[in-house]
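Some notes on the structure that comes next.
The values are calculated or read from the model by the stated rules, or taken from the named source; none is laboratory data. Model, not experiment: these values are computed from the prediction. Reconstructed Cβ throughout: ideal geometry from the backbone, glycine too, with neighbour counts over all protein chains shown. The accessibility values were calculated without ligands, DNA or RNA, using every heavy atom of the protein model including side chains. Shrake-Rupley method; radii C 1.70, N 1.55, O 1.52, S 1.80 Å.
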Amino acid sequence: MAKSRKYPVGVQSFEGLRKDGFLYIDKTPLIYKLITEGSPYFLSRPRRFGKSLLISTLASVFEGRRELFEAFTTDDGIEQPQLYIATTDWKWEKYPVIHFDFSKCGEYTLRGFEEVVDATLSKYEEEYGLTPKGSSTIRFENIILEAHQKTGKRVVILVDEYDTVMLHNLGDSAKERAVRERFSGLFTLVKALDDHLKFVFITGISKFSQMGIFSRLNNLQNISMMPTYDALCGISEEELTTQMRPDIERMGEANGLTYDEQLAEMKHMYDGYHFSEKLTDMFNPFSLMNAFSAQKLGNYWFDRGPSSALIDILAQMPPVDITEIEGIRLPDTAFDLPLESFDDPMPFLYQNGYLTIKSHRRYGDVDMYALNFPNSEVRRGFAECLFKHVAGKKVNARQMSALQMAYYEFMDSSDLAPFIEAVKTFYAGLPYQWEYDNRNEHYYHSLLYTLLVSFGADVTAEDSSAKGRADIVLRLPKNIYVIEIKYDHTADEALAQIDELGYAVKYRLDGRPVIKVGIAFSAKERNITEWKAILDE
């Protein structure tokens, strides 16, 4: 078996990562380009995508810590390779670095935000022998001027997760606006003191324009969707298949898979993020490192953070229908709409990593982006959150587990009847008020589809054929099920529509038997009243 390596699960310190012998995917070619070609910058990326490690790496570069980038052997005997930037003409001078990290807020309030600001300013006031005087803005200005004067070097400002507190207060416009104004007032200095600044880099999840901050910090260069820097955070497919090929081989050996088989599984689960029209394939680094460490695939990104937060955000947005998400198209201007309006949740879902760019096309002077879920992990996790949001506290873990087990038994046995009965029992337990204003054919169609996606099913909604679109197509190892749902009509009418519009024809060459399924929902019963399944011949 290939030799095991140390994977930096949750490691955000570049110094700690290198000295403790963790694997580092060399991002310094892009970092070198970044620091030699301009400033100030802003970069938005989803949570746990490597932003904090990038900020830490930039700090080490500007602190002149060349030894961390050269080849060396750790105290534990692990050989760390030389990184690209150590081979360049970078002069490794020591600059004064001021680092704000808003992910460390103890509470997501204006007070929590100000505590981080105060603690950060106090640290640098002590370093440069300053007595705190005046407002935070005046203190920040004094630090910058004093650092420049004492060192003779212009100052580097690094800001990590600038929008942490703002995003946690999107449902409370007054609180969110208060934090936004404090941030904007403090960091207006980035523009005002440009002559004293060597480099400025700010990261977050949401774009500055959506927080209404660019109007006062309009000298920032937003590189979030620039093709040049689309691989700055995360792990590209090229990096995975070159720098991490031994890790894929090792994991494949542990799971009885060839290299190609293991890579295919990892791509299905974690690949698919695109941050520009170049469509560079990017993997979620947090999930990838967890998978290599555990030697098995898992829903690591969703299992450790976003679920409850996403449900809270969904409650503040216009209704989200998962059947309408896949393949939605947005113009580039949609990504700059203020988040507090919530007129369209799709830009928010994109920036938070739930959706990604799947294709790009330019029409005249307008860039159009098709969005979709990046991979299986996110698609399934989002469906679970969406269903929990819609169902609320009326659906408990035991009910979901029973229904999920019924699905797995159906997948194994190809016996549809027990699964349909489990779905009927599940629907019967939902409160009447839950869907009183939404009862229609699409409602039941969307609900069933969301459930199937949350179980990890290979399922498509509104699947197009020559004459129309099938409600649901479910692909299982043994069979393909073409499902049509009718509201206050019969199962026979649903089957007739499948035949009339030829929904099943396109699957006849697949090799698996194609089963046509007609399902009838009743407004009076608020449940499935009839269903029929027929083999397509």
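Brief remarks follow.
- Cα gyration tensor, region 222-296 - rounded (a/c under 1.5), prolate or oblate: prolate
- Shape analysis of region 122-164 places it in the oblate category; the axes a ≥ b ≥ c from the Cα gyration tensor give an a/c of at least 1.5, with a/b not above b/c.
- Shape class of region 1-126 from the alpha-carbon gyration tensor: prolate, with a/c at 1.5 or above and a/b greater than b/c.
- Unit Cα scatterers, Debye sum, region 344-425: log10 I(q)/I(0) for q = 0.11, 0.14 Å⁻¹: -0.49, -0.68
- Normalising the average separation of contacting C-alpha pairs (under 8 angstrom, six or more residues apart) by the number of residues puts the relative contact order of region 49-196 at 25 percent.
- FRET efficiency, Arg245 to Ile138 (Cβ-Cβ, R0 56 Å, nearest 0.05): 0.60
- Compared with the dominant principal axis of the Cα atoms in the chain, helix 28-37 is inclined by about 60°.
- Within the accessible surface of region 442-537, defined with a 1.4 Å probe on protein heavy atoms only, the carbon and sulfur portion equals 50 percent.
- Cα centroid separation, region 256-297 to region 166-189 (Å): 35 Å
- Within the accessible area of region 248-309 (1.4 Å probe), percent carbon and sulfur: 49 percent
- Calculated FRET value between Arg361 and Lys506, using beta carbons and R₀ = 22 Å, to 0.05: 0.30
- Remark: accessible surface ordering of Trp90, Trp531 (largest first) is Trp531, Trp90, probe radius 1.4 Å.
- The mean sequence distance of close C-alpha pairs (under 8 Å, at least 6 residues apart), as a share of the length of region 15-87, puts its relative contact order at 43 percent.
- The fraction of all Cα pairs in region 79-222 landing in successive 5 Å bins from 0 to the largest distance is 2, 9, 18, 21, 19, 14, 10, 6, 3, 1, 0, given as whole percents.
- Over the chain, Cα pairs under 8 Å with separation of 6+ residues give a relative contact order of 11 percent.
- Förster-model FRET efficiency, 25 Å R0, Arg329 and Asn222, C-beta, rounded to 0.05: 0.70
- Taken along its principal axes, the alpha carbon cloud of region 496-537 reaches lengths of 40, 19, 12 Å, longest axis first.
- Over the chain: Kirkwood hydrodynamic radius from C-alpha pairwise inverse distances, Å: 25.9 Å
- Ranking Arg154, Arg18 by solvent-accessible area of protein heavy atoms (1.4 Å probe, all protein chains present), from largest to smallest, gives Arg154, Arg18.
- Here His268 sits with roughly 120 square angstrom of accessible surface, probe radius 1.4 Å.
- Average accessible surface area per residue within the chain, 1.4 Å rolling probe, Å²: 43 Å²
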